[in-house]
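This report concerns only the one structure given below.
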Amino acid sequence: MSAIMREFPEQEVALQQRANRIRALTLEQVLVQGGGYLGQACSSAEILSVLFGHAMQLGPGLGPVVPEPFRGAPGSSDPSPNGGRYLGARKSQLDRFVLSPSHYAMALYAALITDGRLDPIALRQFNVDGSSLEMIGAEHSPGCELTTGSFGQALSQAAGIAWARRRSGDTGVIWVLLSDGEVQEGQTWEAIQFLAFHRLDNIRIIVDVNGQQVDGRMVDVMGVEPLEDRFRAFGATTVRINGHDIAALQSALATLSTGAPLVVLADTQPTTGLEVLADRTPRLHYIRVLGSQDEQALRAELHRLTAETRIA
């Protein structure tokens, strides 16, 4: 067996450790806050781990590892810094990342910590008045280049970035994390149609297909399957995988897609790694700490996750 082949299992273990830490950091904040978007971190942890730890080519973070207080929304007449600086400089050969479901912000902050772009102490500012580490991220929040607003808008903005970068001759890729709830929005399909029509293969979209949205199960609110057939019909190269399988994610995100956007459908569960949440199904959009007994059970899970995670 070659040295290169032997490295892969070690890399997969390291990436799984990152994913576990994303869950642990998010759970810790849920306990501090008394609630939060924990299910989204459970479903997207491996996706974010592979993106930041393997797939994306980003420059060193340019933001302070302990963010400055919020000074106002960035704009042409306002020097306030954009959260995208935590993803590195905007250079032609480097990638860009867009978080579409902005309520996944805590999971993103945790991913930035695992990648050394934020200091864990920064989380003391999470959801505190005057802080940029908002519970629902905006363009001044670490790791958020855009305010993605109502569901569906981020993909349209990312499509515009992909089109502009193609015209500029940039070689970097635009990565978008999308939630399956956003597939219920017509704007999402218009964006895919635009990307396919203009043959924009410099964008890669990962859909966290966790089967949940704010009102409950997707199948109960408004079903969107068959997703593979639908994305292909709109012109995207489409791959479907287990979104908690590190090796499958690595392979899928490297799929060659010439002349078309790539869509990776990552099937996930919002209780993965924290099966104690399963009894709350389908009320998994926002997890509340329900009294002292519930807190004790969640703290036991936090202790377990922390013990299993070896990333410093």
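The values are calculated or read from the model by the stated rules, or taken from the named source; none is laboratory data. Remember, predicted model here, so these are calculated numbers, not experimental data. Methodologically, a virtual Cβ is constructed for each residue, glycine included, from the backbone with ideal geometry; neighbour enumeration extends over all protein chains shown.
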Qualifying position, being more than 15 Å from the chain's Cα centre (by Cα) and part of a helix (DSSP H, G or I), among 110, 122: 122
Going by what's in this entry, would residue 130 be described as small (Gly, Ala, Ser) and without any contact (Cβ under 8 Å) to a residue 40 or more places away in the chain? no
Restricting the range 44-84 to residues that are acidic (Asp, Glu) and at pLDDT below 95, the residue that is surrounded by the most Cβ atoms within 10 Å (Cβ to Cβ): 68
All-but-one check, residue 92 against (1) out of contact with any Asp or Glu (no Cβ under 7 Å at 6 or more places or on another chain); (2) surrounded by fewer than 21 Cβ atoms within 10 Å (Cβ to Cβ); (3) in contact (Cβ under 8 Å) with a residue 12 or more places away in the chain; (4) not hydrophobic (A, V, I, L, M, F, W, C), failing number (1)
Restricting to the range 240-282, name every residue that is crowded, with 21+ Cβ neighbours inside 10 Å, assigned to a strand (DSSP E or B) and within 15 Å of the chain's Cα centre (by Cα). 263, 264, 265, 266
Criterion first (without any contact (Cβ under 8 Å) to a residue 60 or more places away in the chain and not charged (D, E, K, R)) does residue 303 satisfy it? yes
Pairs returned, first residue in the range 134-154 that is under 17 Å from residue 72 (Cα atoms), second residue that is among the charged types (D, E, K, R) and crowded, with 21+ Cβ neighbours inside 10 Å, beta-carbon separation under 6 angstrom, 6 or more apart or interchain, are 141/134
Contact list, first residue from the range 275-293 and under 14 Å from residue 33 (Cα atoms), second anywhere and acidic (Asp, Glu), beta-carbon distance below 6 Å, six or more apart or interchain, is 289/295
Is the range 204-219 home to any residue that is among the acidic types (Asp, Glu) and touching a Leu at 6+ places or on another chain (Cβ under 8 Å)? yes
